[in-house]
Amino acid sequence: MCEESACLVPPLDQVSNNRSGEPRTPTGSVPSGEALVGFHEDALSQAAMGKAQVVLSIVLGLALASECSELSMLNFILPAAELHLCIEEHKKEWLVSITLLAMACGSLIWGILGDYIGRRRALLLALTVTSLFSAVASVMPTYGTFMTARFCSGLGIAGAFPLVFSYMAEACSRSSRSRYIGVMHSMWPVGAVFTAILFHVTMPTLGADIVRDNKEHWSSWHRFLMLSILPAVGCLVGLMWASESPRYLLEASREVEALAVYQRFHKLNQSKTQYGLTELELPGRSAYRDRPSSPTRNIVSQGLYSFREAFQKITSPIHFRTTVLLATLHFLIGLIYMGMSTFSSTLIKELREREYLGQKKFVEGQNFTGNFTDTIENVYFKDCRFDNVSFTHVNLIHVNFWNCTVEYSEFINVKTSVLTFENSFIRNSRFIDTDLTDHHFVKCNLTNNSFLSLISNCVIDFDYNIYLDDLYDETLAWSGFMIPGLFLFGFLLDFTTRSRIIVILLLLASQVGGEILFIHFLGYSTIIFTAVEIIVKVLLVCALCAISLVVVEAYPCHLRCTAHGIMRSLYHIASLCAIPIYTALAHTALLFPAVVTVALTFTAAFLSLKIQDNSKVLL
């Protein structure tokens with residue numbers, strides 16, 4: 001047997017599919033678990049591959065689509081949620097962070113539950129939790145309650161990745177698992193497409209329209225949140241008719257139920273013939289692993305004991321090196337993926353703002369009287385005088401009054417966006433039904449003015465320029481390329497080793513990520529930034545698909561979901577760390593983000609060389 005802990009599974013011709021670290025018996029008989037592996041593969045071969053696996057890959061893919069939707073919707077709802085819940089600038093970042101933090105915690109929980117209570121049951125519970133709390137979040141009236149509901153929703157959806165990859169792989173034969181995993185994973189970006197289209201149909205895209213749409217209890221973004229649970233609900237409905245993983249059922253000593261699943265697969269795939277295996281061919285009782293009993297009935301203590309036991313197993317000498325390697329790769333890819341997304345969106349937003357401010361109109365030393373009834377946008381008034389002026393039913397968008405004098409004037413039903421009065425004199429004027437508050441007046445002399453009926457008590461200066469159309473186009477662009485990329489990648493995995501394709505993908509991502517440096521010389525362009533982001537994202541997600549398959553093939557059945565849960569938790573923690581890091585890098589010379597991205601990706605590629613290919617092992 002292979003002595004290195006990186007040798008995840010010894011070759012098949014050595015009678016060594018025993019990955020649980022269990023010693024051989026002195027008589028040389030087949031240890032517990034090996035007979036189950038062989039029986040499972042033989043049963044699947046006789047059931048054949050076809051319609052049953054296709055349907056299951058689509059159903060499980062909806063869970064992945066729901067996870068992608070959960071992350072993609074955040075940037076779409078942020079402007080409306082910011083306005084409705086009066087979220088201050090330093091709190092806005094927590095809307096994304098709280099979801100990633102919840103997903104990091106949830107991945108651990110659902111991964112362990114997937115090995116203890118079954119893949120299907122754990123996934124049903126996880127999707128029920130996320131559907132319930134996503135719906136609850138859509139009606140929460142305050143920032144605190146909304147964030148609590150979002151945290152619980154994130155806890156639920158975190159179960160998708162750790163559960164569905166093991167679930168799908170265990171329903172496929174050794175020769176076909178790669179392609180069906182690719183089909184299932186290609187549903188992940190479908191969630192982004194669904195979210196973008198749902199946003200376009202249900203929500204306003206302009207800041208002024210978002211302000212007009214804002215209602216106390218049921219605005220467009222509430223409907224958007226409610227409808228976003230549809231992929232999760234679709235998966236729940238599909239799981240009602242789906243069977244549990246037959247490999248898990250064998251591991252849980254529920255061999256008769258497992259046989260019924262094989263027969264059901266056979267009926268769906270080739271109903272004209274009779275299934276060959278019967279209960280007489282089921283493995284003997286000595287083939288089943290002894291499941292340790294819990295030392296306590298207390299649910300909290302039992303949960304802590306289960307986590308400790310699972311962690312000890314995947315870090316045992318036989319799995320330690322593999323666990324460290326795969327965990328590091330997940331952390332690096334999570335850092336790069338979220339980092340590139342953050343960096344690209346930050347730079348594109350800054351480019352748009354720079355273009356907008358470059359068109360600002362400057363008005364200096366003029367006197368104004370009369371009525372203003374049209375929107376005033378992107379104007380800088382300096383040393384101007386407003387005498388007996390009426391601003392009625394207007395929007396003041398990105399307007400600055402510097403060293404201006406306003407006397408005997410009226411502001412009636414005025415809405416503002418990024419407006420300031422600075423070093424100005426304002427006397428004998430009335431402000432009726434406006435959103436102007438103290439923070440709009442900086443170092444101003446206010447004398448004998450009246451403020452009546454404020455539109456809102458929120459002190460947030462809402463920016464109407466939110467560029468949601470750019471976000472919509474960007475989301476459709478990367479997800480549109482990723483869907484066929486992942487679909488075809490599953491078939492490509494049949495023709496090459498896992499480590500080789502992962503190394504190639506990461507080296508290509510490193511090369512493309514380095515092109516950020518040359519953008520400086522080509523000139524800033526949103527098209528170039530978007531193109532680089534799309535290519536890097538597609539390459540990284542394809543690499544992640546292969547690494548996820550490696551995780552499934554690296555651990556025995558009773559540790560598979562737990563291991564993937566820990567890996568996925570590190571992925572989300574890395575994503576959480578990447579947001580502030582790459583946001584800061586976006587404000588530096590392009591050399592720094594390029595070097596960081598290339599270094600991280602190249603490191604991941606180098607580590608991938610150490611992955612042992614287990615594509616030929618039986619699960």
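The values are calculated or read from the model by the stated rules, or taken from the named source; none is laboratory data. The structure presented is a predicted model; accordingly, all values stated were derived computationally and were not measured. Ideal geometry is used to build each Cβ from the backbone, glycine not excepted, and the neighbour counts take in all protein chains shown.
Please determine, by comparing only the residues of region 494-504 that are at pLDDT 90 or above and hydrophobic (A, V, I, L, M, F, W, C), which one is nearest to the chain's Cα centre (by Cα).
Here the answer is ILE502.
For region 111-143, which residues satisfy the criterion of being closer than 27 Å to GLN312 by Cβ and not in a helix (DSSP H, G or I)?
Those that are closer than 27 Å to GLN312 by Cβ and not in a helix (DSSP H, G or I): ILE117, GLY118.
If you take the residues in region 369-391 that are at pLDDT 90 or above and aromatic (Phe, Trp, Tyr), which one is nearest to PHE425 (Cα to Cα)?
PHE386
Within region 96-116, track down each residue that is under 27 Å from GLU251 (Cα atoms) and either hydroxyl-bearing (Ser, Thr, Tyr) or out of contact with any helix residue (DSSP H, G or I) (no Cβ under 8 Å at 6 or more places or on another chain) (or both).
Selection gives SER107, TYR116.
Against the condition under 27 Å from GLU93 (Cα atoms), free of Cβ contacts under 8 Å to residues at least 60 places away in the same chain and assigned to a helix (DSSP H, G or I), how does ALA599 come out, does it pass?
Yes.
Give the residue, chosen from LEU108, LEU71, LEU44, LEU60, that is closer than 23 Å to LEU277 by Cα, assigned to a helix (DSSP H, G or I), at pLDDT 85 or above and among the aliphatic types (A, V, I, L, M).
Among LEU108, LEU71, LEU44, LEU60, only LEU44 is closer than 23 Å to LEU277 by Cα, assigned to a helix (DSSP H, G or I), at pLDDT 85 or above and among the aliphatic types (A, V, I, L, M).
Kindly evaluate LEU468 against the criterion of being buried (at least 19 other Cβ atoms within 10 Å of the Cβ), assigned by TED's automatic domain parsing to the domain that holds PHE76 and closer than 19 Å to ALA80 by Cα.
Criteria met by LEU468.
Can you say whether ALA65 is modelled with pLDDT under 85 and aliphatic (A, V, I, L, M), as far as the supplied structure shows?
No: the conditions fail for ALA65.
Residues in region 118-137 that are in contact (Cβ under 8 Å) with a residue 40 or more places away in the chain, over 23 Å from PRO246 (Cα atoms) and buried (at least 21 other Cβ atoms within 10 Å of the Cβ): how many?
Adding up the residues that qualify gives 4.
Failed condition for ALA171, given (1) over 20 Å from the mean Cα position of the chain (by Cα); (2) surrounded by fewer than 24 Cβ atoms within 10 Å (Cβ to Cβ), with all others met?
So the condition that ALA171 fails would be (2).
Please determine, by comparing only the residues of region 165-192 that are among the hydrophobic types (A, V, I, L, M, F, W, C) and in contact with a Cys (Cβ under 9 Å, 6 or more places away or on another chain), which one is nearest to ILE77 (Cα to Cα).
Top of the filtered list is ALA192.
What number of residues within region 389-400 satisfy the criterion of being out of contact with any Leu (no Cβ under 8 Å at 6 or more places or on another chain) and under 20 Å from GLY365 (Cα atoms)?
The total comes to 3.
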